[in-house]
Structure formats: C-alpha cells, structure tokens
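No lab work stands behind these numbers, since they all come straight from the coordinates. These numbers were taken from a predicted model, which means no experiment stands behind them. Here the Cβ positions follow ideal geometry from the backbone for every residue, glycine too, while neighbour counts run over all protein chains shown.
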Amino acid sequence: MTVSTLIELRREVFSVSEDATVHETARYLREKQVRAAAVCDSQGKVVGVVSQSDVSDKVTAENKCPDWVRASEIMSTRLVAVSPQKSLEECLDLMEQYGIYHLLVVAENGGYCGMISIQDLLKVIASENKARADNLEEYIVGRR
C-alpha cells in the first residue's frame, strides 16, 4: 500500500498560519481532532509542523502564555516529507530513523497533500495482519 491510498480517503488537509497563537493552534487541533498540523507562511508554503506535544512541552510546561506565543516559535522545523508514491513500510522506516511521529506528504510539484502519522500506519498494519491471520485460520479450520 502507498501513501496516496491512505491520504486519498481524507477530506481535509490540516494547517495553521505561522502567525497563529498557540492558543488558536491548540483549539484548532482539538476542533479537528488531530495531533499535529502543518504550519504555513503567508504564501501557503509549509515551514514547520506543530503538535500537541510542542504545545505541552514548549508552552504549558514552561508556564508561557499561549496567547503571546506564536506557532512559528514552537514548531518543529526538521521536516521529513514523502511523496504520495512512497510505500507505508518506507514511511515507517523513516519515522523510526528520524524518531518522529508524523511525515509531511508533498506532491512532485511541491504542493502540500497532507500528513500521515505513526498511528495511521499502525492501524493499516494491524488491519492487514488481522486479515492475514483470518485467512490462515480459515485455511487451517477449512482443511479439517
């Protein structure tokens, strides 16, 4: 399975402005029920990723006011991107290699297509393994 198969089912691509406050960003993440979003500059170019852990580690834990801190101040800028043609196994390898939980998906023309998370990958892997196990069980039980 490829990244494109996974992201084509989604209706929305999640992003916030680099000028958004952390308070606005946290509300957006909660409203959209996502753990991370791309951070875009005024031209719509992805310049970072902000996650719930960025909010808790860099603002809440430091006792900073979320209305005074911008998304651009806490975002991760070490971006790892994949093409829609990349296999999910390769994505899992990249996440493990870089110690990250999200990958940006970028088209050949540089357009931002969305983001995939380790949770997305694990759901697919678990589903595929369950299907294999069910097929094996059917084969074994069916032979008796």
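Some notes on this structure:
- Pairwise centroid distance, computed over Cα atoms, of the stretch 13-55 with the stretch 94-137, Å: 21
- Helices meeting the span-like rule in the chain (full DSSP H runs, Cα extent of at least 30 Å along the helix axis, mean Kyte-Doolittle score of -1.0 or higher): 118-142.
- Between K45, K130, K86, the residue with the greatest mean-square fluctuation in the GNM of the chain (Cα pairs under 10 Å linked by springs) is K130.
- Listing R35, R11, R78 from fewest to most neighbouring C-beta atoms within 10 Å gives R11, R78, R35.
- Three-way shape call for the chain based on the alpha-carbon gyration tensor, with the a/c threshold at 1.5: prolate
- Computed from backbone phi, the HN-Hα couplings of the stretch 6-20 come to 6, 7, 5, 7, 7, 9, 9, 10, 9, 7, 10, 6, 5, 8, 5 Hz, rounded to whole numbers (Karplus: 6.51 cos²θ - 1.76 cosθ + 1.60, θ = phi - 60°; Gly and Pro given as x).
- Extension reserve of the H23-D57 stretch, reckoned as 0.36 nm per residue once the Cα distance is removed: 10.8 nm
- Straightening the chain between L122 and L92 buys 9.9 nm, computed as 0.36 nm per residue apart minus the Cα-Cα spacing.
- Taking amide H as placed 1.01 Å from N in the peptide plane, the amide H of C113 sits under 5 Å from that of V105, V106, A107, each at least 5 places away or on another chain.
- Amide H contacts under 5 Å for V39: V16, V47, G48, V49, V50, restricted to partners 5 or more places along the chain or on a different chain, H placed in the peptide plane at 1.01 Å from N.
- Note on K32: lysines with a C-alpha under 25 Å away, same-chain residues under 8 apart excluded, are K45, K58, K64, K123.
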